[in-house]
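Each value in this text was obtained by applying a stated rule to the coordinates, not by laboratory testing. All figures in this text were calculated on a predicted structure; none of them were measured in a lab. Positions of Cβ are generated from backbone atoms using ideal geometry, with glycine treated the same way; all protein chains shown enter the neighbour counts.
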2 protein chains.
Amino acid sequence: MTSRPYHHGDLKAALLAAGIDILEAQGLDGLSLRAIAGRCGVSHSAPKNHFGSLRGLLTAIATEGFRRHAQAMCEGLGETATRQQRLAAAMQGYADFAQANPALFQLMFSKQHCDFADPALLQAANASYAILADISTGLDWAKAGLPDSQTRTQMMLWSLVHGYASLRNAGLFDRLPEHPIGYILPASTYREES
Amino acid sequence: MTSRPYHHGDLKAALLAAGIDILEAQGLDGLSLRAIAGRCGVSHSAPKNHFGSLRGLLTAIATEGFRRHAQAMCEGLGETATRQQRLAAAMQGYADFAQANPALFQLMFSKQHCDFADPALLQAANASYAILADISTGLDWAKAGLPDSQTRTQMMLWSLVHGYASLRNAGLFDRLPEHPIGYILPASTYREES
DNA sequence: AGTGGAAAGTTTACACTGTCAACATTGGGG
DNA sequence: CCCCAATGTTGACAGTGTAAACTTTCCACT
């Protein structure tokens, strides 16, 4: 269909897809170079030509994960919504993605498995962050007299939604009554748009 | 010195200590049953008698991690401090512990490595949560008309500090100006004690 | 057209892992 | 005193990632 530059088809993309499939089906434990290669019908050593090492392959998978993550955050964003509603929708998308893809989500934020020095991964991660950062413009959690109020608001929102998603995925919220992320965002901190 | 119920001394405790040492020195990757056993001078199969499997040993290590975690949160708690100051101190202890023991912190919240059905682990984790929950009594992030305001405040605080610690440990805050956790807690949401 | 070489994939080997079964050793309670 | 359960060892096994040597394919250049 697309390009076929060599004799067996579009590996690299097939390896990525197989990796994500195994990740969803069997979790991070079941994700091995040999399993991915086997699912693509190639030898266990073939992935090295495209990704160098397992770490490189996991980094590429995480990069694709951030792209889907950003898309999930954008899906609930209607044009007519208020900034508060858009923020709640983006955070809900963040948490929903983590819940729907727990192994991928865990991989995406694991310095143990991924190489955050990789430019592609860094760019994809920054793109996800930028979505929350953009929406949070005009909202303010600042204490009087402290600088960087915009940055601090962004860090607060990112930390809040990321911790919420992580703790829920780990099962630490199981004994508590359920509350969507919107019910945890303090209403009193919203500021009307100017 | 302590008790010596069998012919080689107090393994189990030695294995736990060796595991934590390796965790700090070499990270989660370097933590293997054989490495732990080797550091204690026993064969690679000895830990099975005390912990059953690697998962059991990691669960026990995480349990000890939660005990130290709770202690780190309590260290900054002075009796004379206001509730706001005590909250900020506990959260600072939470984040500092995560920064000082990144591998242990990662292990403690990894459903992949730990068995959260283990009663000891569950109790230790709940004890850590209870510290934040107790301090947050009297503080309120509730929207009017929603139930469970106490629970929601606790979830918000826990999510915020956990996400902050996790994202900072992953290096995702490296490009942003530094802000201690207290500068991210919104001041406007504090409520005076009654 | 034909050839050289780089890209893509295979094979083989190696060190390492966790788990298991069979075996050795020890120490304490009948 | 002696047996037995707890503790620890040995050896084997399937599985992992990595690396080197090898083979196959295809593209570019003369």
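Here are the numbers:
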quantity	calculated
Residue order, fewest to most surrounding Cβ atoms within 10 angstrom, among B:Leu146, B:Leu121	B:Leu146, B:Leu121
Residue exposure sequence - A:Ile36, A:Ile135 - by fewest surrounding Cβ within 10 Å	A:Ile135, A:Ile36
Rounded to 10°, Cα long-axis angle of helix B:13-26 versus longest principal axis of chain B	70 degrees
Ascending list, in nanometres, of distances separating the A:Ala100 label from those of the other copies (7 Å, Cα toward Cβ)	4.1
Too-long pairs where the Cα-Cα distance tops 26 Å, listed order kept, from A:Lys12/A:Lys111; A:Lys111/B:Lys12; B:Lys48/B:Lys111	A:Lys111/B:Lys12
Residues B:His69, A:His8, B:His179 arranged by fewest to most Cβ contacts within 10 Å	A:His8, B:His179, B:His69
Average partner coverage of A:172-185, which counts Cβ from other chains inside 10 Å	5
Overall form of the range B:54-189 per C-alpha gyration tensor (a/c, 1.5; a/b vs b/c)	prolate
Shortest-first nm distances, A:Asn49 label point to equivalent points in other copies (7 Å, Cα→Cβ)	5.1
Highest-MSF residue in chain B out of B:Glu79, B:Glu24, B:Glu64 [GNM, Cα springs under 10 Å]	B:Glu79
Shape box of the protein assembly as shown [Cα atoms, principal axes, largest first, Å]	72, 60, 34
For the A-to-B rotation axis, chain A residue with nearest beta carbon and its distance in angstrom	A:Gly163, 1
Calculated label separations, B:Gly76, copies of the chain, 7 Å along the beta-carbon direction, nm	3.1
Calculated [θ] (222 nm, deg cm²/dmol) that DSSP helices of n ≥ 4 give over the protein assembly as shown, each run adding -39,500 (n - 2.57)	-18500 deg cm²/dmol
Linear extension gain, A:Asp115 paired with A:Ala130, 0.36 nm per residue minus alpha-carbon span	3.4 nm
Kirkwood-Stokes translational diffusion coefficient of the range A:1-52, alpha-carbon pairs, 37 °C, 0.692 mPa s, µm²/s	290 µm²/s
